[in-house]
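The values are calculated or read from the model by the stated rules, or taken from the named source; none is laboratory data. From a predicted model like this one, the values you see are computed outputs, not experimental measurements. Here Cβ is always computed from backbone atoms with ideal geometry, including for glycine, and neighbour counts include all displayed protein chains. Quick note on the areas: whole protein, heavy atoms, side chains included, nothing else; ligands and nucleic acids left out. Shrake-Rupley method; radii C 1.70, N 1.55, O 1.52, S 1.80 Å.
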Amino acid sequence: INHFKKYIEFNQKKILDWGCGSGRVLRHLPLLIDKSNQIYGTDYNSKYANWCNKNIQNVIVKENLLNPPLDYNDSYFDALYGISIFTHLSEKNHYLWFKELNRVLKKNGIILITTHGKVFKEKLTNKEQSLFSKGKLVEHTYKIEGNRLFAAYHPQKFIKNLSESYGFKILEHIEEGKRNNKP
């Protein structure tokens, strides 16, 4: 909320938690922002989407597929966020989802995403680190896409180019470090 408040006033806004999972963030929003806002969630895991609808008040959660589209009209949301979603998607789906998120976000809307950035570089092989340093997305495809063990690592240059190619302007890039010796 504090990241968004720098750029948008939460008053009569539509907010989407894209990839809400079991609602670990979504469940808190109705208590923290003005009741004039409409809060939505979406996830490709039907168990999570159903659980959220049954157990979290004042939110609407829909199921989506691993690939776009979302079941929302164009320019529907004022703000949306995806916490650790792109970190489990293929490069192809990075492009497809950026296009889709642009479609459902209103002009001048705000999007917040988290990625595996520079601090994760040490987890990569020498060859992967070289690709990362050249601005290339690195994928670990140990499991199927969408699984938590399918991982994508995001150089800042890749995200910048991807964002700008779909008309997004990066307002902030926050590079986190290590906590308790972990990224």
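Side notes on the structure shown:
- K106 meets all of the listed conditions (1) farther than 30 Å from N11 by Cα; (2) open to solvent by less than 90 Å² (accessible area, probe 1.4 Å) but one, namely (1).
- Some residue of segment 12-21 being more than 14 Å from I110 (Cβ to Cβ), open to solvent by 20 Å² or more (accessible area, probe 1.4 Å) and modelled with pLDDT under 95: no
- Once segment 26-44 is narrowed to residues that are part of a loop (DSSP other than H, G, I, E, B) and open to solvent by less than 50 Å² (accessible area, probe 1.4 Å), the residue that is modelled with the lowest pLDDT is I33.
- Failed condition for K121, given (1) part of a helix (DSSP H, G or I); (2) within 26 Å of N45 (Cα to Cα); (3) in contact with a Phe, Trp or Tyr (Cβ under 6 Å, 6 or more places away or on another chain): (2)
- Filtered by the rule that a residue be out of contact with any helix residue (DSSP H, G or I) (no Cβ under 6 Å at 6 or more places or on another chain) and either among the β-branched types (V, I, T) or modelled with pLDDT of 95 or more (or both), segment 114-123 gives T114, V119.
- Of the residues making up segment 45-93, those that are assigned to a strand (DSSP E or B) and of a type in the set (V, I, T) are I60, V61.
- The set of residues from segment 139-182 being within 22 Å of G21 (Cα to Cα), part of a loop (DSSP other than H, G, I, E, B) and open to solvent by 60 Å² or more (accessible area, probe 1.4 Å) comprises Y142, K143, I144, R148, L149.
- The single condition among (1) surrounded by fewer than 13 Cβ atoms within 10 Å (Cβ to Cβ); (2) at pLDDT below 95 that K47 does not satisfy is (2).
- Given (1) open to solvent by less than 90 Å² (accessible area, probe 1.4 Å); (2) in a loop (DSSP other than H, G, I, E, B); (3) not small (G, A, S), index of the condition K136 fails: (1)
- Filter result (of a type in the set (A, V, I, L, M), modelled with pLDDT of 95 or more and more than 15 Å from the chain's Cα centre (by Cα)) within segment 130-153: L131, L137, V138
- Pairs where the first residue, in segment 156-183, is among the aromatic types (F, W, Y) and the second is surrounded by 11 or more Cβ atoms within 10 Å (Cβ to Cβ) and in a loop (DSSP other than H, G, I, E, B), C-beta under 8 Å, 6+ apart: F158/G135; F158/K136; F158/L137
- When restricted to residues that are more than 13 Å from the chain's Cα centre (by Cα), closer than 23 Å to N55 by Cβ and not charged (D, E, K, R), segment 11-25 contains 2.
- Test for N2: is it within 18 Å of the chain's Cα centre (by Cα), at negative phi, open to solvent by 20 Å² or more (accessible area, probe 1.4 Å) and modelled with pLDDT under 95: yes
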